[in-house]
Structure formats: structure tokens, C-alpha cells
Amino acid sequence: MAPRAYGLWHLALNVRALEPMERFYVDVMQMAVEWRPDPENVYLSSGFDNLALHVVEGMPPPGTLGALDHLGFFVETHEDVDAWHAHLVEHGFTPDNAPRTHRDGARSFYFRDPEENRLQLLCHPPILVAAKQAGLKL
């Protein structure tokens, strides 16, 4: 049996233009640059995850349906979800929907990055409990 995998803590996105995408994920989503191996690649982190942005020529137009539906960013409380909604509006973004509480107790909303990738900001209590039990400091 293979050892336990701890989840999807690394994601790589192919992008058309690095600068606006990096600015969005750093300035708005509050990630930090972890490593820049060259002018067409950057690795970002919120502390215990990793998002790679890679420039690729010939990307399909923004909003084109692909295999990826959305990326999720976790927060600790339902109030944090609402605060993030306000934060994005203050930065000039129009979320796809208002925050809502789902029947499983999660609370979330969706929005788009500069290249129209769909993102979700969510609080999902069972995953947060598991993270705390595993000793992650949130």
C-alpha cells in the first residue's frame, strides 16, 4: 500500500500573460512569490500550498470550457467567506454569485481571475476539522 497523499496542495495553471495573473494572485488573493525560475514561470504559496503559473503560447480563449471546473481557496469561518466577497468587490471584481450556505454546512461563492478561470472561496467545516486534527496551523 502506498503512503497517504495529503491532498491537492500543488496546482499548475497554464496562462496567456504572467504579469496580470501574478498580480491578481499576489495582490488580491494574498499569495506570496515562492520561486521565479525564469520570466515565464512563477511559483506562489499561501503558506502550505503551491500554485505554479506557466506561460504557454496558443492558449484557448478566456472562458473556454476545459477539464478544470474551478479552484478552491479555503477560509476558516463563514464570516471569512463574506469578508472575502467584500474584499474582491473592493478590488473591482464582480463575483459570479453572493455567498451562500450549502446544505452540508459549507459556505462559498464563485468568482473569476483575470484569465476567466473560475475560483471558489469556501469554508467547509469537515475539512478544516481534519486539518486541525492533523496539526495544521490555520
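The values are calculated or read from the model by the stated rules, or taken from the named source; none is laboratory data. Predicted model only: the values in this text are computed from it and were never measured. Every residue, glycine as well, gets a Cβ built from its backbone with ideal geometry; the counts of neighbours run over all protein chains shown. Heavy atoms of the whole protein, side chains included, go into the accessibility calculation; ligands, DNA and RNA do not. Shrake-Rupley method; radii C 1.70, N 1.55, O 1.52, S 1.80 Å.
Ignoring everything but the protein chains, give the 1.4 Å probe accessible area of Tyr6 in square angstrom, nearest 10.
Answer for Tyr6: close to 150 Å² accessible.
Only helical DSSP H runs with n ≥ 4 go in: add -39500 (n - 2.57) per run for the chain, normalise by residue count and round the 222 nm mean residue ellipticity to 500 deg cm²/dmol.
-6000 deg cm²/dmol
Can you compute the charge dipole magnitude of the chain about its Cα centre, using +1 on each Lys and Arg Cβ and -1 on each Asp and Glu Cβ, nothing else charged? Give it in debye, rounded to the nearest 20.
Numbers: 11 positive and 19 negative charges, 110 e Å.
With only Lys, Arg, Asp and Glu charged at Cβ, the dipole is about 520 debye.
With all protein chains present, calculate the accessible area of His85 using a 1.4 Å probe and round the result to the nearest 10 Å².
Rounded to the nearest 10, that gives 40 Å².
Of the listed values [x] 15.7, 48; [y] 15.0, 45; [z] 17.4, 60, identify the label whose number matches Rg and Dmax of the Cα atoms in Å calculated from this model.
Read-out taken from this structure: [x].
Would you mind calculating the relative contact order of region 1-54 from Cα pairs under 8 angstrom and at least 6 residues apart, reporting the percent as a whole number?
40 percent
What's the local net charge at His10, with K and R +1, D and E -1, over the other residues with C-beta under 12 Å away? Before the final figure, lay out the partial values.
Values: positive: none; negative: Glu34, Asp49.
Taking every Cβ under 12 Å from that of His10, the sum is -2.
For Thr77 and Glu116 in one chain, what is 0.36 nm times their gap in residues minus the Cα-Cα distance, to one decimal in nm?
Full extension of this stretch gives 11.4 nm more.
Under 12 Å from the Cβ of Ile127, count the other residues' Cβ atoms, weight Lys and Arg +1, Asp and Glu -1, and hand me the total.
-1
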